[in-house]
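The structure appears below as structure tokens.
The values are calculated or read from the model by the stated rules, or taken from the named source; none is laboratory data. These numbers come from a predicted model, not from an experiment. Heads up, the Cβs are rebuilt from the backbone with ideal geometry, glycines too, and the neighbour counts pull from every protein chain shown. Surface areas here come from the heavy atoms of the whole protein model, side chains and all, with no ligands, DNA or RNA. Shrake-Rupley method; radii C 1.70, N 1.55, O 1.52, S 1.80 Å.
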Amino acid sequence: MKNIRNFSIISHVDHGKSTLADRMLEETATIDARHMRDQVLDSMDLERERGITIKMQPVRMRIDHGGEKYILNLIDTPGHIDFSYEVSRSLRAVEGVVLLVDGTQGVQAQTLTTLQMAKELGRVIVPVVSKVDILYARVDETKLELAEIVGCDVDDVLEVSGKTGQGVAELLHTIIDRVPAPEKSETDDLKALVFDFEYSEHRGIIVYLRLMSGTLKEGDSLELAQSGNEFKALEVGVAVPDRVSTEKLGPGDIGYVVTGIKEAGVASVGDTVREQGAGTTPLQGYMIPSPVIWASIFPESQDDFDDLRQALGRLRLSDSSLSFEEESSTALGRGFRCGFLGTLHLEIITERLKREFGLELIVASPSITYCVTSEDGVEEIRSPARFPEHGKIEEIEEQWASVELLTPRKYVDILMQLFYEYEADVKNTSVFGDGRTAFDIVMPLRELVRNFFDEVKRVSSGYASLSYTIQEGWHEADVQRLDILVAGELIPAFSRIVSRRRVEQEARSLVENLHELLPRQLTATKIQAQAHGRIIASQTLSALKKDVTGHLYGGDITRKMKLREKQKEGKKRMQKGARASIPHDVFMEVIRRSREK
């Protein structure tokens with residue numbers, strides 16, 4: 001155990017974390033030159049295309065230090081705020097972290113959030129400035145910022161370049177010197193913390209774990225403490241980064257065990273693997289993440305409903321923060337109401353469903369959970385279609401978010417305007433590091449998920465960064481349910497909850513989109529937006545015109561007049577019984593436009 005070092009790399013998005021991990025693998029000869037590629041620990045094509053890490057990935061490296069051989073277990077983690085739950089899981093399985101900051105950008109908001117998580121768990125921090133090979137990198141200023149927030153000397157901050165490999169060897173040896181070895185347990189009973197798992201079609205659930213005590217070898221009779229499921233270890237091993245079987249895993253090791261369990265919902269992160277019947281006290285696990293936003297996902301063809309259910313179940317095995325429940329829509333058929341940790345998480349999951357399972361999907365605009373008090377009592381509602389009628393609602397409450405935002409000073413004025421548009425309240429401002437301004441703001445969660453992150457990046461030319469946490473408790477919400485009526489018929493699929501100050505703008509936009517997209521009928525079709533019991537936007541789609549006298553020629557004009565009068569009476573009868581007829585592709589296009597706003 002004394003020659004084992006377990007650590008993670010934590011950083012903001014695009015600060016060079018994956019590139020640094022590549023150089024570490026090269027420096028330790030974990031991967032030979034023939035098999036080396038960029039972002040080697042990012043196993044999904046989606047990760048390499050976007051240049052971001054989505055899922056944590058463990059890898060074992062070996063290195064000589066001071067005449068002895070050491071094992072370095074690295075858990076690579078995502079950098080985007082939506083995947084901070086992945087970071088929190090990795091931190092519980094290691095003793096130290098490399099805090100990586102881009103020398104061209106300096107400390108970002110997400111840097112402060114992940115650093116705080118590591119400090120609360122008592123992890124040893126190794127501060128590092130990356131991209132020092134770039135000419136315009138502010139290396140000295142960034143080192144001062146890092147020393148200030150970590151609470152160390154400037155000389156303790158290392159400099160590396162993932163591109164050239166500069167400083168990587170020194171960093172590896174510093175990790176051995178500064179990060180402590182795993183603590184020896186008082187007992188030899190097997191206790192292993194499950195921090196991740198994946199599903200294999202042929203071998204069942206593969207559990208990734210950190211051994212806190214005891215040993216684990218192939219053929220052992222084991223059980224999952226929380227679920228109580230028993231299994232035999234079909235294989236144990238380590239990731240280098242591909243899975244390689246080993247004779248056994250010992251205290252302090254990070255590795256995997258093949259369970260053979262093919263039942264979904266059995267394994268969960270934070271569970272404890274122990275010997276069957278041992279009855280040892282389980283380890284403290286992880287807090288179950290609560291979804292931040294909800295969105296409905298429907299298959300384009302209802303024949304794919306069962307495939308979608310199976311695909312979501314498979315993704316749930318590799319992404320424990322995903323939740324879903326079945327729902328039904330009169331317009332779109334059967335689908336699932338899914339919970340996500342943020343808009344990027346939603347985007348990644350839907351893209352994986354399309355790529356990995358070949359599904360064509362309809363994804364509704366994301367919404368949040370509201371606490372609604374009505375005549376029928378108090379209920380937490382996630383779907384606008386389930387909101388009570390406006391006359392029955394006594395109070396609507398919503399969640400708020402605390403946001404920390406860092407920006408260069410020249411973007412302060414335009415960001416203040418953006419805060420007003422998104423109902424954000426500035427609680428505190430301060431000057432950070434090299435003259436950047438730090439904002440502490442609070443805002444409704446519904447406004448945060450309404451493309452706030454993208455708008456901040458747009459108005460600040462990409463220089464501002466933000467991090468957020470969801471506040472506990474509920475706040476009074478100034479929102480309304482907006483309904484769409486077509487030919488006098490309410491269409492639940494178009495209902496949404498919007499801010500009272502934006503309800504007219506949203507109403508006009510929806511009505512205009514439908515007026516443009518709906519095909520014309522034989523009768524005039526009225527499209528209306530209704531909120532709080534009154535119509536606030538309306539347009540009429542004119543009827544198709546048919547010249548019933550076109551086949552006539554010559555003769556008395558009264559013949560044409562009689563035919564036109566007959567057509568007029570017929571249209572009146574049709575108008576009385578007219579019903580909304582909305583093609584499937586109209587629903588899809590309206591949803592797409594709403595998500596792009």
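Numerical summary
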{"read-out": "Residue ID - most open to solvent (accessible area, probe 1.4 Å), chosen from residues in the range 380-425 that are free of Cβ contacts under 8 Å to residues at least 60 places away in the same chain and among the β-branched types (Val, Ile, Thr)", "value": "414"}
{"read-out": "The range 439-451: number of residues that are assigned to a strand (DSSP E or B) and open to solvent by less than 10 Å² (accessible area, probe 1.4 Å)", "value": "4"}
{"read-out": "All positions within the range 135-191 that are part of a loop (DSSP other than H, G, I, E, B), open to solvent by less than 30 Å² (accessible area, probe 1.4 Å), under 19 Å from residue 10 (Cα atoms) and not polar (S, T, N, Q)", "value": "157, 160, 162, 165, 167, 179"}
{"read-out": "Of all residues in the range 199-244 being within 29 Å of the chain's Cα centre (by Cα) and open to solvent by 60 Å² or more (accessible area, probe 1.4 Å), the one that is nearest to residue 312 (Cα to Cα)", "value": "201"}
{"read-out": "Residue count for the range 487-522, restricted to those that are open to solvent by 40 Å² or more (accessible area, probe 1.4 Å), in a strand (DSSP E or B) and in contact with a strand residue (DSSP E or B) (Cβ under 6 Å, 6 or more places away or on another chain)", "value": "2"}
{"read-out": "Residue within the range 49-59 that is assigned to a loop (DSSP other than H, G, I, E, B), modelled with pLDDT of 85 or more and surrounded by fewer than 14 Cβ atoms within 10 Å (Cβ to Cβ) present", "value": "no"}
{"read-out": "Residue in the range 301-308 that is touching a Lys or Arg at 6+ places or on another chain (Cβ under 7 Å), surrounded by fewer than 18 Cβ atoms within 10 Å (Cβ to Cβ) and not aromatic (Phe, Trp, Tyr) present", "value": "yes"}
{"read-out": "Residue 255 vs. criteria assigned to a strand (DSSP E or B) and within 23 Å of residue 88 (Cα to Cα)", "value": "yes"}
